[in-house]
Amino acid sequence: MTAPRSTGLSGVDAQHDFLRARRRAMFARLLARLRGEPDDVGVILPYDEVIEALGFVSERSVGLRVVPLGLIVGTVDRGRDFDRRFRPTSGRVRGRWEHIATAMRRGEAMPPVDLLKVGEIYFVRDGHHRVSVARALGRTDIDAYVAEIVTLVDASRAMKATDLPMKSHERVFFERVPLPEEARSEIALSDPWDYAVLAESIEAWGFRASQDREERLDRVHTASLWLATEYQPVVAMLREGDLVQGCTETEAYMRIAAERYRLLRTHTWTDAVLRRVVDGRRRRRR
């Protein structure tokens, strides 16, 4: 966004800046509706709901940083006053907004804002007006004191409010099946309820593994063992046999594991079991 023109009268320009930002917010909502986009595309993300869905793990301060304004898409407590791009959606903020815009246009120094970083995105704890004005004036970044929040499930920059129920199911899954962090991206499902089905399956797999080994396996050991000896080898076989089509690798694994039991009434994988299940799927595809 290019910086708006200046008349040399900072107060007057600030008033125009606010009205322009309000119009852009209204046009964006109208355009989204005309395009048939989901209602939450432009809605600012609420921090508490996001953390509840993703699962709080820890918080640490990372100090003063220069943060891209485009990654600031959430708020701790002012969800009614700004949209996802921090354009004002209410006249309630006009007085303070124009005061800050006037100061910024005069070149006055602004204190850093206070942000919480969750995954790839940021939430404003203090400084909503400063973020909004900075974006309206065409700036691309802002000084901020940042605290990093570690969550059980990561937040991507494209995450929307309607993604939170799915994220909540992911969080519960990883609480039940604590896979190593670097391996969690390997699990991908389209139906949120499949996370519960898969978790049940893995817990049952862990119980059988405990009996076979004659030792008690905790959740962490069970998850790592299942990933290395069950999931990854089967997914590799599915890729080699070109059996991952129209679904994710995790969904393909769940289907073939269910078919294994349906055909052979077994929970184990052997060369003979693999050949029979794969051959059966290939014949059904013809």
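Descriptive notes on the structure:
- Residue match in the stretch 130-151 (condition: part of a helix (DSSP H, G or I), surrounded by fewer than 17 Cβ atoms within 10 Å (Cβ to Cβ) and either in contact with a Lys or Arg (Cβ under 7 Å, 6 or more places away or on another chain) or among the hydroxyl-bearing types (Ser, Thr, Tyr) (or both)): no
- All positions within the stretch 178-203 that are in a helix (DSSP H, G or I) and without any contact (Cβ under 8 Å) to a residue 40 or more places away in the chain: Glu181, Glu182, Arg184, Ser185, Trp193, Tyr195, Ala196, Ala199, Glu200, Ile202, Glu203
- Residue match in the stretch 159-177 (condition: under 30 Å from Pro111 (Cβ atoms), of a type in the set (D, E, K, R) and not in a helix (DSSP H, G or I)): no
- Taking the criterion of being of a type in the set (Asp, Glu) and outside any loop (DSSP other than H, G, I, E, B), the residues of the stretch 90-124 that qualify are Glu98, Asp114.
- Test: residue in the stretch 111-118 that is charged (D, E, K, R) and either over 23 Å from the mean Cα position of the chain (by Cα) or not assigned by TED's automatic domain parsing to the domain that holds Leu19 (or both): no
- Odd one out for Gly246, checked against (1) within 27 Å of the chain's Cα centre (by Cα); (2) among the small types (Gly, Ala, Ser); (3) at pLDDT 90 or above: (3)
- Residues located in the stretch 14-56, provided they are assigned to a helix (DSSP H, G or I) and modelled with pLDDT under 80: Ala25, Met26, Phe27, Ala28, Arg29, Leu30, Leu31, Ala32, Arg33, Leu34
The values are calculated or read from the model by the stated rules, or taken from the named source; none is laboratory data. What you see is a predicted model; the values in this text were computed from it and never measured. In this analysis, Cβ positions are derived from the backbone assuming ideal geometry, glycine residues included, and neighbour counts consider all displayed protein chains.
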